[in-house]
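Report on the structure given below.
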Amino acid sequence: MVKQTDSLTRFKPNAAAVNADYSTRNALDRIVRCLFAEKLLDKSKIIIGNNHREALYPLAAGASSLRFENMRRFPADTFINEGNIWLVAADGNETPIIDHERLMDAVRDSLDCQLNEEGVHHFKRDVANSIHNDRLARRHRAGWQADIRQEMAQRGEAHFTLWLRSHHGLRDAATLLDQWGALEGHPYYPTWKSRPGLSDGDVTALSAEFSARVTLRVGALRADMAYCETMPHVTNIHRWFENAFPHLWPTWCEWLVNQGQRPDAWLPLPLHPWHLKHWVRTHYAQEIADGILLPDGPELTTAPSMSFRTVLPTVGDNAPFIKLPVAIWMTSEIRSLQAKSIHMGPRISAVISAILRDENGFNGLLDCFREEAAWHFRHHERKDDAEGKFLSVVFRDTSPWARPDNPLAVTVATLFTELPHRPAPLVSELISLSGQDPQSWFRHYLSVVVKPVLAMYLLYGVALEAHQQNTQILFDEQGLAQGMLIRDFGDGRTYAPLLRARGYDIKPYRWPGILPTVFEDDIEPVRTFVVDACFVSHLHELALCLTRTFAIPDHVLWKVMAQQVEKAFDELRPRLDPDFWLQERDHFLRSPWFTRSLMSMHLQQYTDYRVQHGLTNPLLSA
Ligand SMILES: Nc1ncnc2c1ncn2[C@@H]1O[C@H](COP(=O)(O)OP(=O)(O)OP(=O)(O)O)[C@@H](O)[C@H]1O
Ligand SMILES: [Mg+2]
């Protein structure tokens with residue numbers, strides 16, 4: 001339990017100003033949040049001052065402590081630092097913690113985690129890189145905001161989302177919104193913007209938050225040196241590609257014919273320009289020399305999405321997203337596109353499509369960006385899947401955007417991002433357009449998201465990774481949620497016994513050393529995927545954002561969420577085994593919510609990729 005005490009009154013505020021810029025504080029706040037959520041520091045040792053905002057944390061040595069001037073605690077062990085932090089020595093002397101280096105130095109001996117020098121060093125370095133990139137992005141954002149403000153003023157439009165609706169088609173608006181929402185990055189990851197190895201010029205030229213346009217080269221991979229996976233309706237890859245990229249296909253064929261090659265003997269292979277220059281030309285030099293890979297094909301202009309490595313061609317109303325490997329470390333991993341994703345993306349897409357057809361999209365609430373086709377390099381003699389993880393591609397169909405009702409497709413992260421013309425999150429504009437109070441708006445939002453996500457999991461054992469970046473919400477003109485679109489199935493987790501019981505099947509991908517994603521015995525990893533992505537990173541963050549933006553009493557939105565989760569369970573009950581229903585209801589409504597320990601894994605240099613911690617279930621507070 002958190003102790004309430006008056007003892008803080010003995011600490012006098014230090015006269016020295018704590019002078020840190022926004023990005024430095026951003027990093028500090030993220031680290032503080034992870035320290036308590038991941039139990040790296042023991043939250044039961046926090047001593048709360050009598051103004052309920054000041055907090056003191058005794059450090060390991062016993063003599064010194066940390067003093068947080070203004071810390072708020074929300075359900076789910078969420079500690080949000082909103083003020084200055086001080087290191088208090090035994091004699092009462094205070095020094096300000098002005099950056100992450102000092103904070104890490106102060107807490108490192110108190111952390112409940114095995115540390116080594118290198119892990120701490122890398123962590124500090126990646127946080128520093130995030131801070132630097134965050135500053136660059138915010139500088140760019142100021143100019144971008146001003147441009148949009150001016151355009152809105154010229155057209156006499158007072159609402160950003162209405163301006164988008166009236167002057168952009170759904171596809172362009174969705175692209176702009178996705179790039180707009182890339183500013184903040186992963187909500188609480190302490191190295192949220194680190195891109196080690198990229199120059200400032202590369203960061204600005206290639207990242208979504210800089211409204212970048214990226215020109216790919218569409219090379220060619222010898223067809224007999226590739227493994228292809230497609231959804232069942234794609235029977236001829238070349239015809240499928242021609243249909244998906246009608247502008248590009250003739251140019252690509254002509255480029256090959258001019259070199260005396262037969263296009264049918266090759267597969268188009270889009271290459272990210274950074275990856276081509278810094279990785280492919282050196283790491284696949286042999287394949288290039290052997291004539292297995294022709295990298296210098298025609299160009300294709302694209303807009304990078306929030307995930308950086310998935311891009312959308314700017315020409316063509318129906319061109320699919322292109323997901324690519326880029327050998328850059330981002331958040332928690334080097335962004336390869338491994339064989340598992342190539343094999344499983346189209347397979348999971350096929351299963352989800354069939355379920356959505358049979359369930360009528362859960363009353364039209366859910367649709368998905370299907371991964372129709374994917375391929376990776378696999379040498380026809382060596383047959384080593386691992387060789388292709390940096391020479392691969394996934395194509396993701398955008399047909400869910402082809403809708404007659406003209407909704408606005410907003411990537412969830414964008415809801416949290418500041419409007420161009422007002423210092424308020426975009427979600428506040430949607431709420432104001434709806435004319436509803438935030439609680440009612442949120443209730444409606446939950447009714448769109450919770451039911452399909454829980455139904456896919458409880459009925460079919462399919463975990464949708466509905467986190468902020470993978471999910472788009474369709475909003476009508478009144479700012480109300482109408483449905484959700486989900487993407488990114490390559491690492492998707494499924495529970496095979498449930499799928500089979502309902503007449504579906506999925507072939508797992510197996511390779512030595514690769515963690516399986518089709519589970520047979522325990523459903524826990526599948527549940528955790530749903531809880532971590534949809535409940536912790538998405539719904540919890542939205543409740544938190546609305547609670548803070550509208551100064552709603554702490555427990556109110558959690559109560560609304562608990563009611564909606566209960567409602568979804570009640571509706572699904574007749575179709576579920578009673579014991580399973582009870583067990584799962586308990587997990588979502590009462591048991592700790594398990595989520596990935598992002599900071600701990602980073603500090604331990606990813607020696608284990610499945611470290612997780614249980615957060616106090618915030619729905620209990622309702
Ligand atoms: N708000 C956010 N929440 C989660 N991830 C975010 C967010 N903003 C940016 N990102 C970035 O998006 C990526 C999310 O990782 P994830 O594995 O879901 O996507 P991906 O497989 O790289 O791409 P895609 O979703 O296009 O298939 C990371 O690179 C992360 O840094
Ligand atoms: Mg993703």
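The values are calculated or read from the model by the stated rules, or taken from the named source; none is laboratory data. None of the values given here were measured: they were computed from a predicted structure. Note that each Cβ is placed from the backbone with ideal geometry, even for glycine, and that neighbours are counted across all protein chains shown.
Need at least 2 residues that are farther than 30 Å from residue 504 by Cβ and of a type in the set (Val, Ile, Thr) per element, so show me which helices (runs of 4 or more DSSP H) inside the range 391-479 make the cut, counting only ones lying wholly within it.
426-434
Would you call residue 24 over 29 Å from residue 592 (Cβ atoms) and either crowded, with 19+ Cβ neighbours inside 10 Å or at pLDDT 95 or above (or both)?
Judged against the criteria, residue 24 is a match.
State whether the residues of the range 503-517 include one that is within 16 Å of ligand 1 (Cβ to nearest atom), crowded, with 20+ Cβ neighbours inside 10 Å and assigned to a helix (DSSP H, G or I).
No, that holds for no residue.
Of 205, 212, which residue is part of a loop (DSSP other than H, G, I, E, B), modelled with pLDDT of 95 or more, over 16 Å from residue 372 (Cβ atoms) and within 29 Å of the chain's Cα centre (by Cα)?
The match here is 212.
Of everything in the range 177-229, what is away from ligand 2 (no atom under 16 Å from the Cβ) and among the small types (Gly, Ala, Ser)? Give them in sequence order.
194, 197, 199, 201, 205, 211, 212, 219, 220, 223, 226
Residue check, residue 371 against (1) within 14 Å of ligand 1 (Cβ to nearest atom); (2) surrounded by 22 or more Cβ atoms within 10 Å (Cβ to Cβ); (3) more than 21 Å from residue 236 (Cβ to Cβ), all met but one. Which one?
So the condition that residue 371 fails would be (3).
Hey, could you check the range 299-324 for residues that are in contact with a Gly (Cβ under 9 Å, 6 or more places away or on another chain) and modelled with pLDDT of 95 or more and say which is nearest to residue 186 (Cα to Cα)? Lay out the reasoning, then the answer.
Step one: list which residues in the range 299-324 are in contact with a Gly (Cβ under 9 Å, 6 or more places away or on another chain), which gives 306, 317, 323.
Pick out the ones that are also modelled with pLDDT of 95 or more and you get 306, 323.
On the way: 306: 10, 323: 19 Å.
Step by step, filter the range 299-324, then rank; the result is 306.
Report those strands (runs of 3 or more DSSP E) wholly inside the range 264-320 carrying at least 1 residues which are within 16 Å of ligand 1 (Cβ to nearest atom), of a type in the set (Ser, Thr, Tyr) and in contact with a strand residue (DSSP E or B) (Cβ under 8 Å, 6 or more places away or on another chain).
It comes to 299-304, 310-313.
Look through 334, 328 and report the one residue that is surrounded by fewer than 16 Cβ atoms within 10 Å (Cβ to Cβ), within 16 Å of ligand 1 (Cβ to nearest atom) and part of a strand (DSSP E or B). Break it down stepwise before answering.
On the way: 328 fails: surrounded by fewer than 16 Cβ atoms within 10 Å (Cβ to Cβ).
Of the residues listed, the single one that is surrounded by fewer than 16 Cβ atoms within 10 Å (Cβ to Cβ), within 16 Å of ligand 1 (Cβ to nearest atom) and part of a strand (DSSP E or B) is 334.
Among all residue pairs at least 6 apart or on different chains, which show Cβ distances below 8 Å where the first residue, located in the range 504-517, is free of Cβ contacts under 8 Å to residues at least 60 places away in the same chain and the second is surrounded by fewer than 13 Cβ atoms within 10 Å (Cβ to Cβ)?
516/510
Please work out if residue 257 is buried (at least 18 other Cβ atoms within 10 Å of the Cβ), away from ligand 2 (no atom under 16 Å from the Cβ) and β-branched (Val, Ile, Thr). It would help to see each step written out before you state the result.
On the way: buried (at least 18 other Cβ atoms within 10 Å of the Cβ): no; away from ligand 2 (no atom under 16 Å from the Cβ): yes; β-branched (Val, Ile, Thr): yes.
Judged against the criteria, residue 257 is not a match.
Hey, does the range 279-288 have a residue that's surrounded by 16 or more Cβ atoms within 10 Å (Cβ to Cβ), more than 16 Å from ligand 2 (Cβ to nearest atom) and among the aromatic types (Phe, Trp, Tyr)?
Looking through the range 279-288, at least one residue is surrounded by 16 or more Cβ atoms within 10 Å (Cβ to Cβ), more than 16 Å from ligand 2 (Cβ to nearest atom) and among the aromatic types (Phe, Trp, Tyr).
Kindly indicate the residue of the range 468-485 that is under 15 Å from the mean Cα position of the chain (by Cα) and more than 10 Å from ligand 2 (Cβ to nearest atom) and also surrounded by the most Cβ atoms within 10 Å (Cβ to Cβ) among those meeting that condition.
Of everything passing the filter in the range 468-485, 472 is surrounded by the most Cβ atoms within 10 Å (Cβ to Cβ).
Test of understanding: among 167, 140, which residue is away from ligand 2 (no atom under 16 Å from the Cβ) and within 30 Å of residue 329 (Cα to Cα)?
When all the criteria are applied, what remains is 140.
Can you tell me which residue within the range 293-314, out of those that are away from ligand 2 (no atom under 13 Å from the Cβ) and of a type in the set (Gly, Ala, Ser), is nearest to residue 470 (Cα to Cα)?
303
Identify the single condition in (1) surrounded by fewer than 22 Cβ atoms within 10 Å (Cβ to Cβ); (2) of a type in the set (Phe, Trp, Tyr); (3) within 16 Å of ligand 2 (Cβ to nearest atom) that residue 416 does not satisfy, given that it satisfies every other one.
Here residue 416 meets the rest and fails (3).
Could you give me the residue pairs with C-beta distances under 6 Å whose first residue belongs to the range 555-583 and is in the same structural domain as residue 443 (by TED's automatic domain parsing), whose second residue is part of a helix (DSSP H, G or I) and charged (D, E, K, R) wherever it lies, and which are 6+ apart or on separate chains?
From residues that are in the same structural domain as residue 443 (by TED's automatic domain parsing), the pairs are 560/443; 568/451; 569/585; 581/573.
So residue 350 passes all but one of these: (1) within 15 Å of ligand 2 (Cβ to nearest atom); (2) assigned to a helix (DSSP H, G or I); (3) not hydroxyl-bearing (Ser, Thr, Tyr). Which condition number does it fail?
(1)
Go through (1) at pLDDT 95 or above; (2) within 13 Å of residue 76 (Cβ to Cβ); (3) in contact with a Pro (Cβ under 8 Å, 6 or more places away or on another chain); (4) not in a helix (DSSP H, G or I) and name the single condition residue 554 misses.
The single condition residue 554 does not satisfy is (1).
Can you list residue pairs whose Cβ atoms sit under 9 Å apart, with the first residue in the range 485-502 being within 18 Å of residue 524 (Cα to Cα) and the second being near ligand 1 (Cβ under 10 Å from one of its atoms)? Count only pairs 6 or more apart in sequence or on different chains.
491/341; 491/345; 491/465; 492/345; 492/465; 493/465
Based on this model, can you work out whether residue 370 counts as of a type in the set (Lys, Arg) and either over 21 Å from residue 464 (Cβ atoms) or in the same structural domain as residue 510 (by TED's automatic domain parsing) (or both)?
In short, no.
Considering the range 225-253 alone, what residues qualify as being out of contact with any helix residue (DSSP H, G or I) (no Cβ under 9 Å at 6 or more places or on another chain) and part of a helix (DSSP H, G or I)?
If the condition is that a residue be out of contact with any helix residue (DSSP H, G or I) (no Cβ under 9 Å at 6 or more places or on another chain) and part of a helix (DSSP H, G or I), then 239, 240, 244, 251 are the ones that fit.
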